[in-house]
Amino acid sequence: MSLGSPSLSCHPNRAFSVDATTLDLDPARMDALPWSDAFAAMKALEAGAIANPDEATSIMKQDTDYKATFLDESVPYTLKLLKPASGTKTGCIDVANWQSYGDWMSSNQLITSTPDASALATTDYMPYSCT
């Protein structure tokens, strides 16, 4: 589903969106991409990572330049934040959890200032309501 731009696509049943608005791509080519396959793959990756945080951490260690100590802490913590609460739709975030994550990143000097999660959080691009 397009959200006002042919380069911004949002899956109608999941909280995944792909924003290619800054890539200067031809809209016809964007529409021709297999979006349902891409969103299905994202859903599977998310479920696998949440179910297997040790494996997700191991993959991140192989495929990124982040320090292992950072990944050992950040990957499982991030996956906990991504996992929807019981009865909650994927993508409907808990602002307090994200604020806690921002506070943790700041206290561990991973970022220089603590963001205000409530000012940054939005569900504007969600295909459904979170309330």
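Scanning segment 85-131 for residues that are modelled with pLDDT of 80 or more and among the acidic types (D, E) turns up D103, D116. When segment 64-102 is filtered for residues that are in a loop (DSSP other than H, G, I, E, B) and free of Cβ contacts under 8 Å to residues at least 12 places away in the same chain, the ones remaining, listed by number, are T64, D65, Y66, K67, P84, A85, S86, G87. Within the set D26, D54, D65, D72, the sole residue that is at pLDDT below 80 and charged (D, E, K, R) turns out to be D26.
The values are calculated or read from the model by the stated rules, or taken from the named source; none is laboratory data. Computed from a predicted model, the values in this text were never measured in an experiment. Backbone-built Cβ (ideal geometry, glycine too); neighbour counts: all protein chains shown.
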